[in-house]
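Asks: Take this structure first; my questions come after.
Coordinate-derived values only; no laboratory data. Note that the structure is predicted; figures quoted are calculated from it, not measured. Please note: Cβ atoms are built from the backbone with ideal geometry, for glycine as well, and neighbour counts cover all protein chains shown.
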Amino acid sequence: MIKATAQSQLSNQIIAKKRKTILVSAIAATVIVGTMVLDTTVIVNGSADDLRQQVFSPDNYASAHYNGIKSYILENAVDATTLLKEIQVNKKAAGEKYGKGGGIGPVIPVSFKGIITTGKSGIFSIDIPNFPDKQTVRIQTGPAINGTDLRDATGTISFGEFTNQIEYQDVGAALNRAMKADILEDLDRSTLTGKSVEISGVFRLINTKNWLVTPVRMNLK
């Protein structure tokens with residue numbers, strides 16, 4: 001009888017110990033899950049955080065930023081005649097007033113109306129009323145769009161955002177592709193000469209007498 005009682009007590013102790021172990025484990029698991037929830041960030045599809053979680057894609061980056069860049073250019077484009085007059089007075093002051101960035105030259109948003117004249121390899125000269133004969137203004141229409149003027153137009157996209165120089169350069173090319181898809185997709189370059197055009201775009205001010213404009217709006221008439 002004494003032996004049976006002792007065995008019963010031992011059995012109860014073992015059961016109680018197991019229950020205690022299970023309870024402690026459950027509490028620990030709850031704490032861990034709670035900590036994970038607090039440390040978890042919800043990522044919204046298509047957001048900037050979502051893009052960073054993926055393998056870097058310059059085209060995804062361009063898709064997320066192109067419309068903002070285009071809006072900035074349209075809102076800040078200075079009339080070409082006004083700009084030319086100020087450049088002739090003081091190139092540096094005009095660049096600082098209207099442009100972004102330095103280095104080899106500021107990137108300036110500009111707008112103008114004119115007649116499309118000669119063209120080669122998708123680059124067309126524009127005859128702007130009241131511009132001097134030796135003042136050249138050209139536009140890029142593709143297929144190849146060169147330069148990083150769109151990337152640098154707002155002054156808000158910097159090298160520090162990217163892992164290396166390759167990504168930084170690739171973003172410039174991707175923004176050019178986004179612009180092409182936006183306004184140049186159905187452009188018939190063989191019929192441009194002689195047409196009136198309204199342009200808003202950007203160019204890098206290096207040679208004051210030769211502007212090469214990357215458009216973001218191009219209205220043909």
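Asks: From the backbone phi of the range 194-202, what are the Karplus-calculated ³J(HN,Hα) couplings (6.51 cos²θ - 1.76 cosθ + 1.60, θ = phi - 60°) in whole Hz, Gly and Pro given as x?
Replies: x, 8, 7, 8, 10, 10, 10, x, 9
Asks: With a cut-off of 8 Å between alpha carbons and a minimum separation of six or more residues, what is the relative contact order of the range 58-220 in percent?
Replies: Result for the range 58-220 is 31 percent.
Asks: How much length would be gained if the chain were fully extended between SER190 and ARG177, taking 0.36 nm per residue of separation minus their Cα-Cα distance, in nm to one decimal?
Replies: Extending this stretch completely gives an extra 2.6 nm.
Asks: Hey, can you grab everything whose amide H is under 5 Å from the amide H of THR136? Only 5+ residues off in sequence or another chain; H modelled, so Pro and N-termini drop out.
Replies: Here ASN210, TRP211 satisfy the definition.
Asks: How many nm is it between the label spots at GLN165 and LYS92, if each spot is 7 Å from the Cα in line with the beta carbon?
Replies: Reported label-point gap for GLN165 and LYS92 is 2.8 nm.
Asks: What residues have an amide H closer than 5 Å to that of THR193, excluding those fewer than 5 places away on the same chain, when H is modeled at 1.01 Å from N in the peptide plane?
Replies: Amide H neighbours of THR193: none.
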